[in-house]
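A.B. asks: Just dropping this structure here.
The values are calculated or read from the model by the stated rules, or taken from the named source; none is laboratory data. This one's a predicted model, so the numbers in the text were calculated from it and none came from an experiment. Heads up, the Cβs are rebuilt from the backbone with ideal geometry, glycines too, and the neighbour counts pull from every protein chain shown. Note: areas computed on protein heavy atoms with side chains; ligands, DNA, RNA excluded. Shrake-Rupley method; radii C 1.70, N 1.55, O 1.52, S 1.80 Å.
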Amino acid sequence: MKKLLTVAFLGLCIGLSACNKNESGSDMTSVSVKLTDGPGAYDAVFLSIKEVKILSSAGESSLPVDTKPFNILRFRMGKDTLIASRDLPAGRLQEVRLVLNDTGNSVVINGMSYPLTTPSGQTSGVKLKVNENLESGVAYTMLLDFDVAKSIVQTGNGKYILKPVIRVIPNAVSGSISGVISPAASSPKIYAITGTDTLGTISDATGKFWFPGVAAGTYKVDIIPVSPYVNKTISNVVVVTGSTKDLGTITIN
């Protein structure tokens with residue numbers, strides 16, 4: 001979508017933990033970063049995150065993380081995991097960087113593990129431009145949607161490169177679309193389209209699919225299965241802020 005990197009945060013004052021000041025007397029706010037994932041045709045995808053950096057008008061801050069590799073495919077279809085949190089000075093948020101470790105990133109395909117190389121992620125990090133105010137006395141949660149199906153590229157020599165495709169989901173001003181494809185063996189690509197904006201995903205091994213972070217509006221859902229199955233379109237899918245539009249079981253001929 002044109003506004004994939006538009007950020008909205010869940011604001012909630014949580015007492016003294018978010019309404020405090022640092023030693024210099026500057027106003028502080030609590031910031032949490034969570035990660036979720038879309039389906040991918042892999043057994044597992046392990047990421048090893050080094051740190052999360054946040055750039056704002058108050059300067060650059062580093063959020064410590066657990067560097068132990070974790071399987072991001074465990075956190076999809078509405079599930080997420082907290083990767084970092086910290087009290088930061090209030091100010092204008094400008095950029096978020098996800099920095100990966102040099103080792104520990106891998107993909108498992110048909111039971112075989114292959115290392116993932118991530119040149120940009122290993123240096124300055126995956127950069128996400130944002131434009132939001134971190135207000136004093138308000139706790140913010142930022143959800144990063146990692147598109148694993150688009151993020152892993154196989155090279156000509158059989159190696160795999162990780163080129164992270166991530167969008168920041170505007171939780172507070174969005175809804176979602178879900179459903180189940182039958183039969184699951186049709187393995188379709190699924191697109192939610194409104195105007196010139198398009199979101200894409202695939203179904204998992206059980207046929208389930210989920211579009212998170214969908215702006216309110218009316219969508220056309222195109223389902224493109226593998227041969228010999230026939231394409232299918234569902235029109236007038238209405239998404240409402242704060243709720244999930246469940247399309248139920250969709251049968252593919």
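A.B. asks: Mind checking which residues of region 82-103 are surrounded by fewer than 14 Cβ atoms within 10 Å (Cβ to Cβ) and closer than 28 Å to K159 by Cα?
C.D. replies: Listed by number, the residues that qualify are D102, T103.
A.B. asks: Next up: State the number of residues belonging to region 117-157 that are at pLDDT 80 or above, open to solvent by less than 70 Å² (accessible area, probe 1.4 Å) and part of a loop (DSSP other than H, G, I, E, B).
C.D. replies: Number satisfying all stated conditions: 3.
A.B. asks: Within region 217-231, count every residue that is surrounded by 14 or more Cβ atoms within 10 Å (Cβ to Cβ) and either part of a loop (DSSP other than H, G, I, E, B) or at pLDDT 95 or above (or both).
C.D. replies: 8
A.B. asks: Further question on the same structure: I need the full set of residues from region 158-177 which are open to solvent by less than 30 Å² (accessible area, probe 1.4 Å), among the β-branched types (V, I, T) and modelled with pLDDT under 85, in order please.
C.D. replies: V168, I169
A.B. asks: Just one of (1) in a strand (DSSP E or B); (2) touching a residue at least 12 places away in the same chain (Cβ under 8 Å); (3) polar (S, T, N, Q) trips up S62, so point out which.
C.D. replies: The one condition S62 does not meet is (2).
A.B. asks: Does L10 satisfy the condition of being under 16 Å from the mean Cα position of the chain (by Cα), hydrophobic (A, V, I, L, M, F, W, C) and at pLDDT 85 or above?
C.D. replies: no
A.B. asks: I would also like to ask the following. The conditions are (1) among the polar types (S, T, N, Q); (2) surrounded by fewer than 17 Cβ atoms within 10 Å (Cβ to Cβ); (3) at pLDDT 90 or above, and S106 fails exactly one of them. Which is it?
C.D. replies: With (1) among the polar types (S, T, N, Q); (2) surrounded by fewer than 17 Cβ atoms within 10 Å (Cβ to Cβ); (3) at pLDDT 90 or above applied to S106, the lone miss is (2).
A.B. asks: Going through I234, I250, I193 one at a time, which residue ends up being touching a Phe, Trp or Tyr at 6+ places or on another chain (Cβ under 8 Å) and part of a strand (DSSP E or B)?
C.D. replies: I193
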